[in-house]
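Engineer: A single structure is presented below for examination.
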Amino acid sequence: MIKKNLPKLIITSLVILIPILIGLILWDKLPDQVLIHWNINGAVDDYATKTQAVFLMPLVLLAFHWICVLGTSLDPKKQNISDKTFTLVLWIIPVISLLCNSMVYATALGHKVSVEIIMPLFMGALFVVIGNYFPKCKQSYTIGIKIPWTLNDEENWNKTHRMAGFLWVIGGVVIMATAFLGAFCLFFVVLIPMVIIPFVYSYLLYKKKKTE
């Protein structure tokens with residue numbers, strides 16, 4: 001799978017590292033202490049040195065990117081993972097790298113960054129995209145809702161992912177709407193049912209089939 005998608009893997013890896021190049025270009029303009037983390041209210045609550053801000057996050061994300069790709073490529077059921085789904089896996093972290101580092105640099109240069117608006121919009125959009133992919137996902141150990149009842153029963157897997165796909169699209173839209181309500185804590189209020197409901201639904205399908 002890696003050999004087949006090697007050009008995409010190289011491109012996405014380079015995209016993840018673009019913020020390092022940007023950081024080097026902006027080096028003289030960046031302060032010695034750079035804001036790198038915000039709380040749920042959008043207030044800055046952590047700092048890093050300029051060197052850490054420029055190099056650490058992209059390199060950590062690059063390592064995580066390769067871990068995800070290798071894990072997916074070693075999946076015993078990798079033949080069930082479509083090219084479109086694998087492409088999604090390849091591009092999630094590069095987008096995160098560009099977005100997060102852009103916010104860090106913009107804040108360091110004195111620009112106002114509304115993290116409490118940007119992050120719900122991004123996370124909500126991501127959930128909408130993943131939700132659209134869920135019904136198309138076939139059984140695997142790395143992508144999808146990987147619980148005993150879905151992995152052991154293809155019908156359970158398909159029904160659970162159709163339901164979860166619809167739920168995640170709706171949930172994603174609601175999360176994007178919370179960006180304009182000024183209450184990021186609502187993100188978790190929406191996210192928890194998005195995670196729990198598919199688990200419960202899958203278990204109920206399992207119990208129903210077992211009693212038939």
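Bear in mind these aren't lab numbers, they're just calculated from the coordinates by the rules spelled out. This structure is a prediction, so every number in the text was calculated from the model and none was measured. With ideal geometry, Cβ positions are generated from the backbone for all residues, glycine too; neighbour counts draw on all protein chains shown.
Engineer: Can you give me the Cα centroid spacing of the stretch 86-164 and the stretch 45-63 in angstrom?
Structural biologist: 22 Å
Engineer: Another question, if that's okay. For the stretch 37-141, what's the relative contact order in percent, using C-alpha pairs closer than 8 Å and at least 6 residues apart?
Structural biologist: Working: 50 pairs, mean separation 40.3, N = 105.
With pairs under 8 Å counted, the relative contact order is 38 percent.
Engineer: Moving on to the next point. Relative contact order for the stretch 114-212: what is it in percent, counting Cα pairs under 8 Å that are at least 6 residues apart?
Structural biologist: Details: 116 pairs, mean separation 36.0, N = 99.
Averaging sequence separation for qualifying contacts and normalising by length gives 36 percent for the stretch 114-212.
Engineer: Shape verdict for the chain, please, from the Cα gyration tensor: rounded (a/c under 1.5), prolate (a/b greater than b/c) or oblate.
Structural biologist: On the way: a/c = 2.98, a/b = 1.55, b/c = 1.92.
Oblate.
Engineer: Evaluate the relative contact order of the chain (contact order divided by residue number), counting alpha-carbon pairs under 8 angstrom at least 6 apart; express in whole percent. Don't skip to the answer; put the middle values down first.
Structural biologist: Details: 251 pairs, mean separation 43.4, N = 212.
Relative contact order for the chain comes out at 20 percent.
Engineer: Just for the Cα atoms in the stretch 75-140, what are the lengths along the principal axes, largest first, rounded to whole Å?
Structural biologist: Projected onto its principal axes, the Cα set of the stretch 75-140 covers 48, 18, 15 Å.
Engineer: Taking the Cα centre of the stretch 114-212 as origin, work out the dipole magnitude from +1 charges on Lys and Arg Cβ and -1 charges on Asp and Glu Cβ, in debye rounded to 20. Display every interim value, and only then the final one.
Structural biologist: Working: 9 positive and 5 negative charges, 68 e Å.
Dipole of the stretch 114-212, to the nearest 20 debye: 320 debye.
Engineer: How big is the charge dipole of the stretch 1-113 about its Cα centre, in debye rounded to the nearest 20, if each Lys and Arg gets +1 on its Cβ and each Asp and Glu gets -1 on its Cβ? Mind showing how you got there, number by number?
Structural biologist: Values: 9 positive and 6 negative charges, 108 e Å.
Magnitude of the dipole: close to 520 debye.
Engineer: Here is a further query. Suppose each label sits 7 Å from its Cα in the direction of the beta carbon; what would the V60-F180 distance come out to in nanometres?
Structural biologist: Distance between label points: 3.3 nm.
Engineer: Still on this model: Give me the lysines in straight-line cross-link reach of K77: C-alpha distance below 22 Å, same-chain residues under 8 apart excluded.
Structural biologist: Those lysines meeting the cut-off are K3, K4, K8, K136, K138, K146, K159.
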